[in-house]
1. Counting only residues that are assigned to a helix (DSSP H, G or I) and under 16 Å from Pro274 (Cα atoms), how many does the stretch 56-103 have?
2. Output the qualifying pairs, or none if there are none: Cβ atoms under 9 angstrom, residues six or more apart or on different chains, first residue in the stretch 274-295 and within 18 Å of Gln245 (Cβ to Cβ), second residue in a strand (DSSP E or B) and of a type in the set (A, V, I, L, M).
3. Please go through the stretch 136-174 and give me each residue that is outside any loop (DSSP other than H, G, I, E, B) and touching a Gly at 6+ places or on another chain (Cβ under 9 Å), ordered by number.
4. Could you list, in sequence order, the residues of the stretch 38-55 that are touching a Lys or Arg at 6+ places or on another chain (Cβ under 7 Å) and either part of a helix (DSSP H, G or I) or under 15 Å from Val222 (Cβ atoms) (or both)?
5. Just checking, does the stretch 117-126 include any residue being in contact (Cβ under 8 Å) with a residue 60 or more places away in the chain and within 16 Å of the ligand (Cβ to nearest atom)?
6. Six or more apart or on different chains, Cβ under 6 Å: which pairs go from a residue in the stretch 68-92 that's surrounded by fewer than 20 Cβ atoms within 10 Å (Cβ to Cβ) to one that's basic (Lys, Arg)? Could you list them?
7. Anything in the stretch 104-123 that is outside any helix (DSSP H, G or I), crowded, with 18+ Cβ neighbours inside 10 Å and either in contact with a Gly (Cβ under 8 Å, 6 or more places away or on another chain) or β-branched (Val, Ile, Thr) (or both)? List them, or say none.
Amino acid sequence: VTIERPAREVQAPTGVGWTSLITTYARAQESRRPDRLFDDPWAADFIAAATTTAKASKRLPRVGPARDDDSSALWEMFCAYFAGRTPFYDQQLLAGVDAGASQVVLLAAGLDMRASRLELPASTTVFEVDSEPVLRFKQHVLGHPEPGRIPVVADLRKDWVTPLRAAGFQPGIGTVWIAEGLLMYLDVAQCDRLLDTVVALSGPGSRFATEYFTRNPRHDDVEISDDGDLEAAEMVLSLFSTGPQAAPERWLTAHGLQPDRTDIATELQRLGRPVPAMFDPHRPDTVGLWLTAGTLGEPIPGASER
Ligand SMILES: C[S@@+](CC[C@H](N)C(=O)[O-])C[C@H]1O[C@@H](n2cnc3c(N)ncnc32)[C@H](O)[C@@H]1O
């Protein structure tokens, strides 16, 4: 699919596409820290473009706290969560490439810039699947095609294999699948279909990394500082579906994957970062967020020597 760069102003994505701006805001804030976990220099450009889009500001909740310093519990939580999960996915992606995968598919890529940020081998192709408005906005801000990054417009609840194959994806070879911040927007049957499809398309040395909540967050799990936070929180919560509804060991194993799992509180502690109250493992009825990866088949022999 060719995404034309529109001549004039592009709209910031709306609906579930808007959530790509929240995670990008967190990456922009993280990249400004002296003790940053990663550097995503594109994130600030996306946020600047989204927040200066006149059409966006009228219809969409504010991206970021009233002051641009994370100074609200809601945005501190968002920043901790989204920056804290990034190293997990980076490591999974790099481990998969090291095990022989030459394709990466970002399912619900949003404004993720791993294709450029991780300095992958030139032989790696990164397919970025998301909705047309999200990918159009991304392309508009980037301004030029990035080598090895192929946008694929598709709805992940429907037939996404046809557009993925049309974009050059090769079934049956080693592939890393990243579904970061996606499954909470899908119901059980949609999650099962997605994973069945991933497995069917994957060859040896493939892996699938994702995350989902142990239970959906509610209004009373998040602290709200002002009307802007309230609007953002309500928007996010209104978009949630159910996710897979089975613990990772059971869900991944049922689909033929070797599961591995951690969770956001563990990862934040490992990274020396505070755990937001919502994810505090000592809080009764806390919200857990699993970060999980499954591997398929044996790695390709000699792949790590390439
Ligand atoms: C929270 S964002 C995560 C984006 C990116 N993975 C990241 O971590 O920054 C969720 C993304 O999922 C995409 N998405 C949600 N449902 C989708 C669907 N059915 N088909 C395609 N994309 C979808 C949205 O457009 C959005 O870009």
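What follows draws every value from the coordinates through simple rules; no lab data is involved. Predicted model, so just to flag it, every value in this text is computed and none were measured. Cβ placement follows ideal geometry from the backbone for every residue including glycine, while neighbour counts extend to all protein chains displayed.
1. We begin by selecting, within the stretch 56-103, every residue assigned to a helix (DSSP H, G or I); these are 56-59, 73-98.
Filter once more, so that each one left must be under 16 Å from Pro274 (Cα atoms): 73-87.
So the count comes out to 15.
2. Every condition considered, the pairs that remain are Leu291/Ala209; Thr292/Ala209; Gly294/Ala209.
3. Taking the stretch 136-174 as the starting set, the residues that turn out to be outside any loop (DSSP other than H, G, I, E, B) are 136-142, 149-153, 161-166.
Across the stretch 136-174, the qualifying residues are Phe137, Lys138, Ile150.
4. Across the stretch 38-55, the qualifying residue is only Ala43.
5. Yes, because at least one residue in the stretch 117-126 is in contact (Cβ under 8 Å) with a residue 60 or more places away in the chain and within 16 Å of the ligand (Cβ to nearest atom).
6. Listed by first residue and then by second, the contacts come to nothing, as the list is empty.
7. First, the residues of the stretch 104-123 that are outside any helix (DSSP H, G or I): 104-113, 118-123.
This time we only want the ones that are crowded, with 18+ Cβ neighbours inside 10 Å, so: 104-113, 120.
Matches in the stretch 104-123: Val104, Val105, Ala108, Gly110, Leu120.
Residue-by-condition table, conditions (1) under 21 Å from Thr262 (Cα atoms); (2) among the aromatic types (Phe, Trp, Tyr):
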{"position": "Ser71", "(1), (2)": "no, no"}
{"position": "Trp75", "(1), (2)": "no, yes"}
{"position": "Phe78", "(1), (2)": "yes, yes"}
{"position": "Ala83", "(1), (2)": "yes, no"}
{"position": "Tyr89", "(1), (2)": "yes, yes"}
{"position": "Ala99", "(1), (2)": "yes, no"}
{"position": "Leu118", "(1), (2)": "no, no"}
{"position": "Pro121", "(1), (2)": "no, no"}
